[in-house]
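What follows draws every value from the coordinates through simple rules; no lab data is involved. Keep in mind the model is a prediction, meaning the values are calculated, not measured. No Cβ is skipped: glycine too gets one built from the backbone with ideal geometry, and neighbour counts run over all protein chains shown.
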Amino acid sequence: MTAQATQAAAAAAVTAPLLRVENVVKHFAVGAGLLGHATVHAVDGVDLAVNTGETLGLVGESGCGKSTLGRVIVQLQPATSGHVYFNEVDLTKLRGEKLRRVRQQMQMIFQDPYASLNPRMAVGDIIAEPLRNFRIARGRAAETRVQEVMRVCGLNPNFINRYPHEFSGGQRQRIGIARALVLNPSFIVADEPVSALDVSIQAQIVNLMEELQDTFHLTFLFIAHDLSVVHHMSDRIAVMYLGKIVEFGSTAAVRDQPLHPYTKVLQSSVPIPDPDLEAARRPILLSGEIPSPVNPPSGCRFHTRCPIAQQICSEVEPPLEKKQDGHLAACHFPGKL
Amino acid sequence: MTAVDGISFDVDRGETVGIVGESGSGKTMTALSLLRLIPDPGKITSGRILFGDRDVIHMSDEEIREFRGADVAMIFQDPMTSLNPVLKVGFQVEEAMAAHRRFTSKQSRERVVPMMQRVRIPAAAQRVKDYPHQFSGGMRQRVMIAMGLSNEPSLLIADEPTTALDVTVQASIIELLRDLNRELGAAVILITHNLSVVASLCQRVIVMYAGRIVEEGPTRAIFKNPQHPYTWSLLRSIPRADERGHQKLLSIAGLPPDLSNPPPGCKFHPRCKFRIDKCFTEEPTLDDVGGGQQARCWVLMSNVPAADKGER
C-alpha cells in the first residue's frame with residue numbers, strides 16, 4: 001500500500017463507522033397450527049452505526065429485541081433481511097471461512113456468567129478456546145497469551161487450571177471478558193454484562209470494561225435494561241421499543257433532552273439513590289401492557305401506551321429522523337411530553 | 001454457618017423499613033426468621049421476635065399459622081412460582097382469606113374484586129376469572145400483593161418485589177406499595193439489593209453485611225451521611241441515572257466473606273480502605289452515632305479526613 005493509500009484508509013477509518021446496521025429485520029416463526037404459524041417481529045427494521053472507539057448503549061425493556069439485535073450483529077443468528085456492515089464489509093453476505101475471519105474481530109460478553117462458561121472445562125481452556133478455533137496459538141504460546149489476558153482482566157494467572165465453579169460471579173464475568181479479549185478484537189458486544197452481579201461487584205466490572213476500552217481501543221455495543229449503567233458507560237445511546245429504535249443520540253442529549261415519550265417515561269421510572277430527589281421524582285406511569293411483538297400496533301408502536309398519542313400516531317409510522325443535531329427520534333411529537 | 005448474627009431492630013406501626021444487602025448478607029434469612037420460615041436444617045438458635053407483645057419464637061404451630069398471612073404477609077421476588085398455575089386468580093385471592101377465617105366465606109368472595117381493584121388491576125371484575133399465565137409479571141405481583149393484604153395484616157414483608165420486573169413496571173409497583181402503606185397503614189419491610197428503591201420508598205434503612213447489621217438509621221441520614229465504610233462505598237459504587245459528566249465508580253475490592261469461615265474482627269475489614277489495626281482483631285459493636293443512626297465501625301466515616309476519602 002502506498003503512503004497515500006494508507007493515509008486515505010486512515011482518514012476513512014476515522015469518518016466511517018466501524019459497524020453499520022442497515023434496515024435489519026429479524027423475525028422468528030412461533031407455533032404451527034391450522035392457520036399457519038405466527039411471526040415474532042423481534043427486530044423490525046433497525047438502522048444503527050457504531051463509531052470506532054465509542055461505547056454505544058442499547059437500552060430497552062425485556063422483549064424489546066435488544067439482545068436479538070446484538071446476536072444478529074455478531075451473526076450468531078442470521079438476519080431475516082437487511083445488512084450488517086463491519087469495516088464496510090457486509091457480514092450478511094459472508095459465509096464460511098470469510099465470516100470466521102471477520103468474527104475474530106468481533107466478540108461477545110454474555111449476561112449470565114454461570115451459563116456461559118462450560119463447567120467441565122478448566123478456565124485456561126475456556127479462555128484459550130478461541131485461540132485454538134482460529135489456529136492462532138497452541139500449547140505454550142497459547143498458555144502465555146491466556147495468562148497475559150487473565151492478568152489484564154484482574155484474574156490470578158495461576159488459576160489457569162481451576163474450573164468455573166471455583167470462581168465467584170464477578171470473577172466468572174472476568175473469565176468471560178478474558179475469553180472475548182484473547183483474540184484482540186476491535187469490537188465487543190456486551191449483553192447485560194453486569195446485571196447478574198451484586199452491587200459491589202458491578203462497579204468492578206464496569207471499571208474493568210472502561211480500562212480495557214482505553215488500553216485496547218475497543219468499540220463496545222453495550223446492551224442493558226438499566227438506564228443508570230447505560231448513561232454511565234455510553235457515549236451515545238439508542239433506545240429500543242418493540243423491535244424498533246425510537247431514539248438515538250449522544251448520552252448528554254438523550255439524558256437531558258429526551259425527545260421520544262418512551263425515553264422520557266423510562267427516565268422518569270428510574271429511581272435515584274438520593275431520598276431528597278426521590279421525594280420529588282414523579283414517575284410517568286404507563287397504562288396497559290407492552291403489546292405482543294407477534295402483532296405489533298399500527299403506526300407508532302408506542303401509541304397504545306403513549307400519554308400524548310394523537311390520531312396520526314395510530315395511522316402513520318414515524319420514521320427515525322434527525323430532530324436536532326445528531327439527535328434522532330421516531331415520533332410525530334418529539335419533546336412534547 | 002451463622003447466616004444471621006445478632007440482629008436487633010424494631011419496626012413501628014405503619015413504618016416503611018428497607019433492609020439492604022448483597023447476596024448472602026442475610027437479609028432474606030432475617031425476613032424469613034420473622035415468620036419462622038427458615039428452611040431446614042437452619043434454625044433460630046437464639047434471640048426474640050416480638051410482634052406487639054407476642055413472642056413469635058414460642059408460638060404454637062396453630063398460632064404461627066394464623067400469624068403468617070393474617071398478621072404478617074410476605075411477597076416474593078418471583079410472582080409466578082408463588083401463584084398456583086391451575087387455579088383462577090380470583091379463587092387464589094379468596095383462598096388466602098378463607099385460610100384465616102377472619103372473614104365469612106360470603107365476605108371473602110365479595111372482597112376479591114375490591115382487593116384486586118385496590119392494587120390497581122384494570123378490569124378486575126373480569127380478570128378474577130383469568131389464570132396466572134394470562135397476567136404479566138407486574139400484574140402477577142399485584143395479585144400477590146392483593147392476596148397478602150386481603151387479611152388486613154399490620155405488616156407486609158416484600159422480598160425483592162421488583163427485582164424481576166422491568167423498570168417502568170417497577171416504578172408502578174413502588175408507587176402502589178407507597179399508596180397502600182398510606183391508605184391501609186400496614187408497615188412495610190422492603191428487602192432489596194437496590195439502594196435507589198429504598199431511597200424511593202423507605203423511611204428507615206437497615207444495611208446488612210455478612211449476616212450483621214452494619215448501619216441503621218433514617219433514610220436521609222444513611223444516604224447523606226453514611227458512617228459505615230461499606231454503606232459509604234456502596235453509595236459511590238452505583239451509577240446514577242442523573243449522573244452529569246463521567247465519574248469513575250468506586251470499586252470495592254474483593255468479595256463478601258464466606259460465612260462458614262468468616263474473618264476475625266470486623267467482617268468488612270478485608271475490603272475496607274479505612275481500616276485500622278483494631279479492625280483486624282476486634283469486631284465492632286453497633287453503636288449510636290447520633291441522629292438516630294447506628295453504625296458498626298471502629299473508625300466511622302465522619303472521622304476520616306476528606307483527602308483520604310478522595311474528596312476535594
Could you give the nm distance between label points at B:SER302 and A:GLN257, where each point is 7 Å from its Cα heading toward the beta carbon? 4.5
Within straight-line cross-link reach of B:LYS106, lysines at Cα separation under 21 Å, skipping those fewer than 8 residues along the same chain: B:LYS88, B:LYS129
Restricting things to Cα coordinates, could you compute the convex hull volume per residue of chain B in Å³? 149
Using R₀ = 45 Å, calculate the FRET efficiency as 1/(1 + (r/R₀)^6) where r is the Cβ-Cβ separation of B:ARG109 and B:THR2; round to 0.05. 0.45
For A:THR215 and A:ALA279, what does the FRET efficiency come to when R0 = 30 Å and r is the distance between their Cβ atoms, rounded to the nearest 0.05? 0.10
Residue exposure sequence - B:HIS246, A:HIS165, A:HIS260, A:HIS41 - by fewest surrounding Cβ within 10 Å: A:HIS165, B:HIS246, A:HIS41, A:HIS260
Chain A - charge dipole about Cα centre, Lys and Arg +1 at Cβ, Asp and Glu -1, debye rounded to 20: 1040
Just to be sure I understand the curve: with the Debye formula and one point per C-alpha of the stretch B:16-202, what is log10 I(q)/I(0) at q = 0.08 Å⁻¹? -0.25
Using the Cα centre of the protein assembly as shown as origin and beta-carbon charges of +1 (Lys, Arg) and -1 (Asp, Glu), tell me which of B:MET139, A:PHE333, B:THR81 is placed farthest towards the positive end of the dipole. A:PHE333
Any lysines with Cα under 29 Å of the B:LYS278 Cα? List them, leaving off those in the same chain fewer than 8 positions away. B:LYS27, B:LYS224, B:LYS267, B:LYS309
When all C-alpha to C-alpha distances in chain A are sorted into bins of 10 Å, what percent of pairs does each bin hold, rounded to whole numbers? 5, 23, 31, 25, 13, 3, 0
How are the Cα pair distances of the stretch A:190-260 distributed, in percent, across 10 Å bins from 0? 18, 49, 29, 4
Run the helix sum for chain A: -39,500 (n - 2.57) per DSSP H stretch of 4+ residues, divided by residue count, reported at 222 nm to the nearest 500 deg cm²/dmol. -10000 deg cm²/dmol
By a straight-distance test (C-alpha under 27 Å), which lysines pair with A:LYS66 as possible cross-link partners, with residues fewer than eight away in the same chain excluded? A:LYS26, A:LYS93, A:LYS98, A:LYS244, A:LYS264, A:LYS322, A:LYS323, A:LYS336, B:LYS248
Förster radius 56 Å - calculated FRET efficiency between A:ASN158 and B:ALA125, Cβ distance, rounded to 0.05: 0.30
Roughly how many debye, to the nearest 20, is the charge dipole of the protein assembly as shown about its Cα centre, given +1 on each Lys and Arg Cβ, -1 on each Asp and Glu Cβ, and no other charges? 1180
Length gained, A:VAL102-A:ARG132, 0.36 nm per residue minus C-alpha separation, equals 9.2 nm
In chain A, if the dipole is taken from +1 on Lys/Arg beta carbons and -1 on Asp/Glu beta carbons about the Cα centre, which of A:ILE272, A:PRO261, A:THR68 is farthest to the positive end? A:THR68
What trypsin sites (Lys or Arg not before Pro) does the stretch B:1-72 have in DSSP loop regions with at most 14 other beta carbons within 10 Å? B:ARG13, B:LYS43, B:ARG48
Hey, could you grab the Kirkwood Rh for the protein assembly as shown? Inverse mean 1/r over distinct alpha carbon pairs, Å, one decimal. 27.0
Using only the alpha carbons of the stretch B:207-309, determine the length spanned along each of the three principal axes and report them from longest to shortest in whole angstroms. 41, 31, 26
Return the distance in nm (one decimal) between the two label points of a simple spin-label model at A:THR39 and B:ASP12, each offset 7 Å from Cα along Cα→Cβ. 6.1
Just going by the charge dipole of chain B, with Lys and Arg at +1 and Asp and Glu at -1 on Cβ, which of B:VAL167, B:LEU195, B:ILE64 is farthest out on the positive end? B:VAL167
Only Lys, Arg, Asp and Glu count, each charged at its Cβ (+1, +1, -1, -1), so figure out the dipole size of the stretch B:207-309 about its Cα centre, rounded to 20 debye. 400
Approximate spin-label separation A:GLU148-B:PHE280, in nm, with each point projected 7 Å along Cα-to-Cβ: 3.8
Starting from the Kirkwood Rh over alpha-carbon pairs, what translational D in µm² s⁻¹ does the stretch B:154-199 have by Stokes-Einstein at 4 °C and 1.567 mPa s? 119
Taking each pair of distinct Cα atoms in the stretch A:173-292 once, what is the resulting Kirkwood hydrodynamic radius in Å? 16.1
